[in-house]
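Report on the structure given below.
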Amino acid sequence: MKKTWVKILIAALAVAVLAAAAAIALDIRANRRGKAAAVENSILYFYSDTEGSTRFLVDTELISDRIGGYVDSFLTCNGEAGVARAGTGLYRIDKDGITLIYPAGVDRALLSLDNEVVVFTTATEAHIYDHRTGKVEDIKPDSAAGIPSIVISPDGKTVGYTVRDSDGKYTSYAYENGESRVLADSSYLVAVSDGAEFWYCVKPADASLLYCSEKGEKKIGENVSGLIEFNRDLTETAFDSDGVTYYSIKGSAAKAIVDGASVFSTVTNAASVQGGEECSSKVLDCSTMFNRVFYSFRTSSTDDNARTAYDIWFVNGHRHVTALVKGAFQFYVNEQGTKLACLVDKDVYTMDSDDPKTAEKVCTNVYSFNVSKDGSRFYCIGYDRGLYYVEGTVNLKIAEGAVYSVMTPQDKCLFMTDYDTVGTLRLADGRRPVQTISENVVHFEVMPKVCCYYTGIYEDEYGSKVYDVYTSEDGANFTLTLEAARMRTEE
């Protein structure tokens, strides 16, 4: 049994060497904490050996434009548009095509929440690209040896940047209407509000986080690590310090979200990743980070394999904490954040996300599960590797040999069976007969408006290991979208 589930894990991780779709900062050294934003659209990219270029899939459409060579980093806020760096050139991608923003020398970049403004740096300059006008505005600070940090206000009208001089000294500025003004010395920016009415800086000397305005500055945290998170108007911030996650409201004294724990939010909104190499930040497109589920995780040894176990809490709008589950192997929160489904030991439960007393058992002897958006339909993989459809009093085994499953946007279940080096991809829709999609699948994934699967690896005419990409809007009717996409591990 242990070898079986190790194989499942390998199948689940196979996508890491295939399509590179993660929304990551162009500064590839930046850390991220928490889940990536679950958004309404998606952009995937693939390198084609036969074309010698990178192709982009925007939802279900493979756009005709392409970028010569490899893309080495990519970012997006909500999947409607993205920014890619190829070589050191910078490009913007959306369903209408690819726009070259800057030909060479780009170090890091960020994208505004409305997808219209790109702020990026070259060696000693900052630049602002406005997609509405197609123009690039250059900021050329005096005595700059580097630009270690860039940020943008929620309304996209104020740009903040930090200059490092030849002596290693930091100075942070706000740029508006063609002019710069000094915000802070000996610190670098991680966020700036509209009009730079207030901002957040980190002091490199002790990694302290400061809330600043024209009235002065307040220290709200020390030894800050990882990614600092903000709500949309920057009045809330969350950060880790010495292994515990803290929050601050409008510069107030920081308090632990959950005592003694490093926790992650289940917020699913779009986000703009900003900041720099010393510390990065994420501005979430939400009014508040609270009144939702938070979780922490650890490795747990079980009878069959080492697994990730999650401790789960609900934190309301007043930051009051309710413990929900300890040691769940899997959990799901609905879009509204009101319902929680979780796997504890071998049992699946549902409950109101703010009240553990409402917990009800759905089914047992489960290794993993998926659930419909309304929480009424479950697809569970059991320890016998059967796929079970569970709804109300119905508990029906619909397939054998299942190893991995995902829900489609239409609340159907794509799942893999009989996985070795490849497996068989199938689609389940309640009690209806299971549909076989392909028997030559190395991995599959589901985004908001597209389902993809990748065929078994083969060698092209150049001797490179490649795979074919098939896509579907509904998870049932797949078409060949791109042939001979190259494995990213061979770059």
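The values are calculated or read from the model by the stated rules, or taken from the named source; none is laboratory data. Quick caveat, the model's predicted, so the values are computed rather than measured. FYI the Cβ positions are ideal-geometry reconstructions off the backbone, even for glycines, and counts take in every protein chain you see. Side chains included, ligands, DNA and RNA excluded: accessible areas come from the protein's heavy atoms. Shrake-Rupley method; radii C 1.70, N 1.55, O 1.52, S 1.80 Å.
Less than 5 angstrom separates the built amide H of residue 292 from those of 315, all sequence-distant by 5 or more or on a different chain. Treating each Cα of segment 152-283 as an identical point scatterer and summing with the Debye formula, the log10 of I(q)/I(0) at q = 0.09, 0.13, 0.16, 0.21 Å⁻¹ comes to -0.24, -0.50, -0.75, -1.29. Largest accessible area first, the residues 199, 313 order themselves as 313, 199 under a 1.4 Å probe with ligands, DNA and RNA left out. Less than 5 angstrom separates the built amide H of residue 53 from those of 48, 69, all sequence-distant by 5 or more or on a different chain. Take the Cβ-Cβ distance between residue 355 and residue 137 as r, set R0 to 35 Å, and report the resulting FRET efficiency rounded to the nearest 0.05. After rounding, the FRET efficiency stands at 0.10. Largest first, the three principal axis extents of the alpha carbons in segment 305-419 are 48, 32, 24 Å in whole numbers.
Ignoring ligands, DNA and RNA, what accessible area per residue does the chain give at 1.4 Å, in Å²? Spell out each step's value before the answer.
Working: 20800 Å² over 491 residues.
Counting only protein heavy atoms, the per-residue value for the chain is 42 Å².
From its DSSP helices (H runs of at least four residues, each -39,500 (n - 2.57)), the chain gives a residue-normalised ellipticity at 222 nm of -1000 deg cm²/dmol. Rounded to the nearest whole Hz, the Karplus-based 3J(HN,Hα) values (6.51 cos²θ - 1.76 cosθ + 1.60, θ = phi - 60°) of segment 251-267 follow the sequence x, 5, 4, 6, 10, 5, 5, 10, 3, x, 10, 8, 10, 10, 8, 9, 4, with x at glycine and proline. Working value for segment 180-224: equivalent-ellipsoid semi-axes of 18, 10, 9 Å, each the square root of 5 times a Cα gyration tensor eigenvalue, largest first.
Backbone geometry of segment 368-377 corresponds, through the Karplus equation with coefficients 6.51, -1.76 and 1.60 at θ = phi - 60°, to 3J(HN,Hα) couplings of 8, 8, 10, 9, 5, 4, 8, x, 9, 10 Hz, x marking Gly and Pro. With the alpha-carbon atoms of the chain aligned to their principal axes, the span from lowest to highest coordinate is 68, 59, 35 Å, starting with the largest. Determine the share of the chain's accessible area contributed by carbon and sulfur atoms, expressed in whole percent, with a 1.4 angstrom probe. On the chain, the fraction of accessible area on carbon and sulfur atoms equals 45 percent.
With a threshold of 31 Å on the Cα-Cα distance, the over-threshold entries among 373/465; 203/339; 95/203; 157/219 are 373/465; 203/339; 95/203.
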